[in-house]
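Working notes, beginning with the structure itself.
Just so it is clear, none of the values below were taken in a lab; they were calculated from the coordinates. The structure displayed is predicted, hence computed values, not measured ones. Glycine also receives a Cβ, built like all others from the backbone with ideal geometry; neighbour counts cover every protein chain displayed.
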Amino acid sequence: MKKKSVVIVEMGLRDGLQNEKHVLDADTRVEFARRLIEAGTKRVEIGAFVSPQWVPQMAGTADVVAKAFGEQNAGRIPKKIEFSVLVPNERGMQDAINSGVKEIAIFAACSESFSLKNINCSIDESFKRFEPVMALAKKHKIKVRGYLSTCFGCPFEGKVSEAKVVKLAQRMNKLGVYEISIGDTIGVADVGQVRSLFKKLKKVVPVKKLAGHFHDTRGQALANILAAFDMGVTVFDTSLGGLGGCPYAPGATGNVATEDVVYMFHGMGVKTGLSLEKLLAIDPWMSEKIQHALPSKVGKVGMLKPLGKVTVSK
Ligand code: HMG
Ligand code: MG
């Protein structure tokens, strides 16, 4: 039976802001989190403990975590919100532990060239780096989510074999992550690919552990999400306004916009727990902060606003 609700994991603060030219300070990032949570967001990736040389936009993540959820929170954000940070290696994990987060996300690629460009090591090496990260997570009772990137295509190598993605999903699952987010890093997937890949993935990883992470480069993300939902996937990563993208994936645009996904699911009678009106109210504020318009379609025009009955004079 089709599920009547989905879980939206908000990416705006990490996948979104990591690719914006205009770098936001910690206070603005905390205010962004506060507004998202006010709109009903329950799961949010709040930043990344990656190298600031590689991704300067994510510098200050420890400060964001402290101001949003630590002693400095001052009651602005309810503590029960689930938030995570992206961690590439043991060094990042130490920063995560010091910050007091209860959840992290690790990430590996499905193509060697993207792995090298993004984290400066092979896929195999990245999995070796995850072993001490997972051991520390266990010791400190930190939940771990896993991402697989370039599952539908690589900006350097082109096609990526489904068999390789399935094998890496099994390997990621064996590490002990609680969820695996299947990434269309450069927004190249189509519905046919989504159906075919998720059919294979479901045979090796329980579908309730799979999430969809679609970038909207070619305008296919909503269709791809619907195709994955039809196959039983109920967790989707989205970014307010369609912000961002990966700085090491040339040509890729942002994640699918949270507002567009919420509009689609609410129209189908599927609950998201989010208020579309409140999300839309964040758009002009964020647009001003990053100094450009946001790509979200629903964000641009809003909800249907009837102009009144038209009378035709004869
Ligand atoms: P490296 O240069 O090979 O690192 O980078 P290294 O181990 O050789 O160390 C060099 C220096 O960096 C050392 O400092 C380390 O301490 C420091 P020094 O001794 O020279 O002073 N260092 C760090 N500093 C802060 N935080 C760390 C860290 N690690 C080492 N964690 C590294 C390797 C992995 C660090 C680098 O390549 C990196 O940070 N990459 C991250 C790139 C990134 O964030 N990409 C975007 C996120 S992934 C994504 O968007 C895809 C996703 O959305 C899913 C999808 O769409 O498919 C998740
Ligand atoms: Mg991404």
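Here are a few things to note about the model shown:
- Looking at ALA163, ALA169, just one residue is within 19 Å of the chain's Cα centre (by Cα), closer than 28 Å to LYS2 by Cα and assigned to a helix (DSSP H, G or I), and that residue is ALA169.
- Residue identified as assigned to a loop (DSSP other than H, G, I, E, B) and within 14 Å of ligand 1 (Cβ to nearest atom) among GLY251, GLY232, GLY219: GLY251
- Among the residues of the stretch 264-277, those identified as surrounded by fewer than 21 Cβ atoms within 10 Å (Cβ to Cβ) and either in contact with a Cys (Cβ under 8 Å, 6 or more places away or on another chain) or assigned to a loop (DSSP other than H, G, I, E, B) (or both) are MET268, GLY269, VAL270, GLY273, SER275.
- Residue count for the stretch 85-112, restricted to those that are away from ligand 1 (no atom under 13 Å from the Cβ), surrounded by fewer than 22 Cβ atoms within 10 Å (Cβ to Cβ) and not charged (D, E, K, R): 1.
- Considering (1) more than 16 Å from ligand 2 (Cβ to nearest atom); (2) not hydroxyl-bearing (Ser, Thr, Tyr); (3) not in a loop (DSSP other than H, G, I, E, B), the lone condition that VAL261 does not fulfil carries the number (1).
- Some residue of the stretch 199-221 being without any contact (Cβ under 8 Å) to a residue 12 or more places away in the chain, within 19 Å of LYS2 (Cβ to Cβ) and surrounded by fewer than 22 Cβ atoms within 10 Å (Cβ to Cβ): yes
- Number of positions in the stretch 64-111 that are within 14 Å of GLU31 (Cα to Cα) and either among the aromatic types (Phe, Trp, Tyr) or assigned to a loop (DSSP other than H, G, I, E, B) (or both): 6
- Residue satisfying all of: in the stretch 113-143; within 21 Å of TRP54 (Cβ to Cβ) and not in a helix (DSSP H, G or I); farthest from ligand 1 (Cβ to nearest atom) among these: SER122
- Against the numbered list (1) in contact with a Leu (Cβ under 6 Å, 6 or more places away or on another chain); (2) within 16 Å of ligand 2 (Cβ to nearest atom); (3) not aromatic (Phe, Trp, Tyr), VAL233 comes up short only at (2).
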